[in-house]
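J.: Sending over a structure as structure tokens; questions will come in a sec.
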Amino acid sequence: CYKAAGEFAQRLLDLVPVPAIADKARKMITICDRQSRDALPIDYDARNPFVICAASHTPIHKGEAAVNCSYCQASYKPEFKDELCRVCSIAQIGAQATGLRSMASAD
């Protein structure tokens, strides 16, 4: 996965890391430029923001349909709607809820 590794290393350099880390990132970019292809296909596009589906561990790109856990807000692909959340194990995925409310007693 040289192409993806090179993109990650470039993003790291954009953050202006300490010199030792920057040197390692530059070396990685040099290696990746020689082998500018990925041996295995991966579903990653550096220019398209995404969140990870908590069930399938695959990306949900911006603009794609997604549902959330009503308690912890973990993101899921629509096929996991109505299942129990795999992150918090408390709420149903995609259920409508008002959230946690605290009522003060009038004593």
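The values are calculated or read from the model by the stated rules, or taken from the named source; none is laboratory data. Quick caveat, the model's predicted, so the values are computed rather than measured. Note that each Cβ is placed from the backbone with ideal geometry, even for glycine, and that neighbours are counted across all protein chains shown. Side chains included, ligands, DNA and RNA excluded: accessible areas come from the protein's heavy atoms. Shrake-Rupley method; radii C 1.70, N 1.55, O 1.52, S 1.80 Å.
J.: For residue 86, indicate whether it is surrounded by 13 or more Cβ atoms within 10 Å (Cβ to Cβ), at negative phi and touching a residue at least 12 places away in the same chain (Cβ under 8 Å).
T.: Yes: the conditions hold for residue 86.
J.: Please identify the pairs in which a residue from segment 1-25 that is within 24 Å of residue 45 (Cβ to Cβ) and touching a residue at least 12 places away in the same chain (Cβ under 8 Å) has its Cβ atom under 8 Å from the Cβ atom of a residue that is surrounded by 11 or more Cβ atoms within 10 Å (Cβ to Cβ) and among the basic types (Lys, Arg), counting only partners at least 6 apart or on another chain.
T.: These pairs meet every condition: 9/26; 13/26.
J.: Now for a separate question. Which count do you get for residues in segment 56-71 that are assigned to a loop (DSSP other than H, G, I, E, B) and surrounded by 15 or more Cβ atoms within 10 Å (Cβ to Cβ)?
T.: 3
J.: Taking segment 26-55 only, how many residues are touching a residue at least 24 places away in the same chain (Cβ under 8 Å) and either assigned to a loop (DSSP other than H, G, I, E, B) or of a type in the set (Phe, Trp, Tyr) (or both)?
T.: Residues that pass the stated criteria total 12.
J.: Within segment 22-50, take every residue that is hydrophobic (A, V, I, L, M, F, W, C) and open to solvent by less than 70 Å² (accessible area, probe 1.4 Å) and give me the one that is modelled with the lowest pLDDT.
T.: Going through the qualifying residues, I end up with 46.
J.: Any chance you could count how many residues in segment 27-51 are charged (D, E, K, R) and under 30 Å from residue 66 (Cβ atoms)?
T.: Matching residues across segment 27-51 total 4.
J.: Which one of these does residue 96 not meet: (1) buried (at least 18 other Cβ atoms within 10 Å of the Cβ); (2) modelled with pLDDT under 90?
T.: (1)
J.: Residues in segment 72-92: is at least one in a loop (DSSP other than H, G, I, E, B) and at pLDDT below 90?
T.: Scanning segment 72-92 turns up no residue that is in a loop (DSSP other than H, G, I, E, B) and at pLDDT below 90.
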